[in-house]
Structure formats: C-alpha cells, structure tokens
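Q: Okay, handing you the structure first.
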Amino acid sequence: MAPPPLPLPLEVAVFSPADALAAQALGAARVELNRLGSYPAGGLTPPLSALAALASLSSSPPPPQPLRIPVRVMIRPRGPPPADGEPDFVYTPAELDAMRASMSELKASGFMSVERGDGFVFGVLRRDNSSSSSGKLEIDVEACKELVALAHPVPCVFHRAFDPVVAAAVGGGGGGDVVAAVDALVACGFAGVLTAGGDAGGCLDNLGTLGRICEAAAGRIEVVAGGGVRHHNVAGATAALARYYAEQAGEKAGETAGRRGVWVHSAALKPDGSGMDEEEVRKLLEELAR
C-alpha cells in the first residue's frame, strides 16, 4: 500500500525573531524574515540586528529550541511607491545599491546557513519600452542575475514581483508567456518563486494560473503559493496544488520539499497586525495535515 501523501509544507512570513522561533515550535517548515512592522509595506529588509537576535534567542540558556528550520530573508528596500511613482519592484540605481549592500552584509554576517537552507527573497522588474510592449513590466534579468550571483551559494527566491508579470501574460492570453516567465527565473538562477498567480486577489483567486506555473516549474524551481492564505481557505489551495507537490516530490517528497516542491505561504498575523497569530498558524497546520 502506498504511504499517504505528505501535507504541503508551510512557510510563515514573520516580522520578529521571536515569531520565527514560535513558528518553528508550532511546526512551520520555514520562515520568511521581514523588518519589524513592515507588513503594511509588503515586507522589507530586516536589519542585521534581527538576524543576530534570532541567533541569540535560539542559543540563549535555556533555549526555547535551537533554530532548525530555514530562514528566508527579505531583500526589499521599500514598499509600493506613491501613485505617481514607478511601479512596485522597479528600483532606482540607489535602491539596487542598497539591496546589494544588505545582501552582502547579511551573507557575510555568519548568521545565515546554507546547510540549513537559509536564503534571500527579492524581485526586480523593469519596463519593456520596445514599441510593441507599451511599457509593460518584465523581469529585470540582468539585475536579478547579478544579485543571484552575489548571493551564491545562498539560494534566492523571486518575490511577489512575479505577479504583475504573470498577470500580463494571462491577460494577453499568453499561456506561453507564463512558461517564458518561469524560464526567465530559472535562467537567472532562482531556486524558487513566491506568487499568488496574479496581481488581482490572492492565490485562491488564481488557482488555474498557479497550476500552469507549477507545471512550468516542475523539477526546476520551487513554487511558494501565497497571498490571502488562512486556515479557513487553505483547503482550496491544498486541493488544487497537492497533485503538483506529489508529482514533483515522488518517492523523495521530504527531500524535494526543501528544493523543488510546492509550498504554502501565509503571514498569519493577528487582526491588529501586532505579530504572528499562533492559533492561526496552528489551525493552518491542522488543515494542511488533513
């Protein structure tokens, strides 16, 4: 008899070192570390002191438990610009310099572990100003390749900047463009992509496109499905995405989950946004285990 399928692993976006350890204690498989209080901006680069505090908390006597799960660190110098500014994820040279500096500092700190699976999360877009594109947004392959190379051997995940790119592809009826967008991420050297499958609504509103992304990514790049995921609706994502996880994981599901599988992502914040809602994380994990 075949063993029961493993549940999709859960990545929790956290905004403090204490919440990272709490998420691990509850059973999360990975955390995405952001600057304290930056959720309204969509998550920003945490200072080096946050990683230092996480290392200190996980080793202080008596430790709640040593940090074991991977930590993916956000590299994002600012949130969405004013309405009259450049679109989100289209950065100035100074902002790209800030991303390089943050990445170099965090990588050199000694607080990140490639063996544990730690990594960086970022996304960079540019306008395609060719006469046929009307200035649509596209992945800035040159900038992304440079940042991925700078991070090496620390793996990198492309952030929700993917959503407007894939939305334009779907809106234009370009199924092939979805594949091309995934191909571009693979060519840049990304290990994964965090996406809601579009820039309208959350991932539960874009399950068809997410499926196409999973098909294009299979065996090449990890897909992290996020955007509006909570315990009361995660079953819908599980039903739609579990087969891609099973197909990619096969007999090595546990091993593949950390590299080229399909994940579920949630911020799981308290209603007032003050921090992680432990009960929400617990319920999410219960639903994923069903």
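The values are calculated or read from the model by the stated rules, or taken from the named source; none is laboratory data. These figures come from a predicted structure and were not determined experimentally. Every residue, glycine as well, gets a Cβ built from its backbone with ideal geometry; the counts of neighbours run over all protein chains shown.
Q: Please go through region 111-151 and pick out each residue that is modelled with pLDDT under 95 and in a loop (DSSP other than H, G, I, E, B).
A: D128, N129, S130, S131, S132, S133, S134, G135, K136
Q: Only one of L36, L8, L51 is at pLDDT 95 or above and part of a loop (DSSP other than H, G, I, E, B). Can you tell me which?
A: Of L36, L8, L51, the one residue that is at pLDDT 95 or above and part of a loop (DSSP other than H, G, I, E, B) is L36.
Q: Please count how many residues of region 168-205 are in contact with a Leu (Cβ under 9 Å, 6 or more places away or on another chain) and not in a loop (DSSP other than H, G, I, E, B).
A: Residues in region 168-205 being in contact with a Leu (Cβ under 9 Å, 6 or more places away or on another chain) and not in a loop (DSSP other than H, G, I, E, B): 6 in total.
Q: Related question: Of the conditions (1) crowded, with 19+ Cβ neighbours inside 10 Å; (2) touching a residue at least 60 places away in the same chain (Cβ under 8 Å); (3) of a type in the set (S, T, Y), S109 satisfies every one except a single condition; which number is it?
A: (1)
Q: In this structure, is V31 more than 23 Å from E142 (Cβ to Cβ) and surrounded by fewer than 21 Cβ atoms within 10 Å (Cβ to Cβ)?
A: No.
Q: Among the candidates V141, V154, V148, V124, single out the residue that is within 23 Å of P17 (Cα to Cα) and either free of Cβ contacts under 8 Å to residues at least 24 places away in the same chain or of a type outside the set (K, R) (or both).
A: From the options V141, V154, V148, V124, the qualifying one is V154.
Q: In region 206-228, what residues are in contact with a Phe, Trp or Tyr (Cβ under 8 Å, 6 or more places away or on another chain), within 17 Å of D177 (Cβ to Cβ) and assigned to a loop (DSSP other than H, G, I, E, B)?
A: Within region 206-228, just I221 meets the criteria.
Q: Further, regarding this structure: Can you tell me which condition S104 does not meet? The list is (1) under 19 Å from the mean Cα position of the chain (by Cα); (2) at pLDDT 95 or above; (3) not hydrophobic (A, V, I, L, M, F, W, C), and all the others hold.
A: (1) is the only condition that S104 fails.
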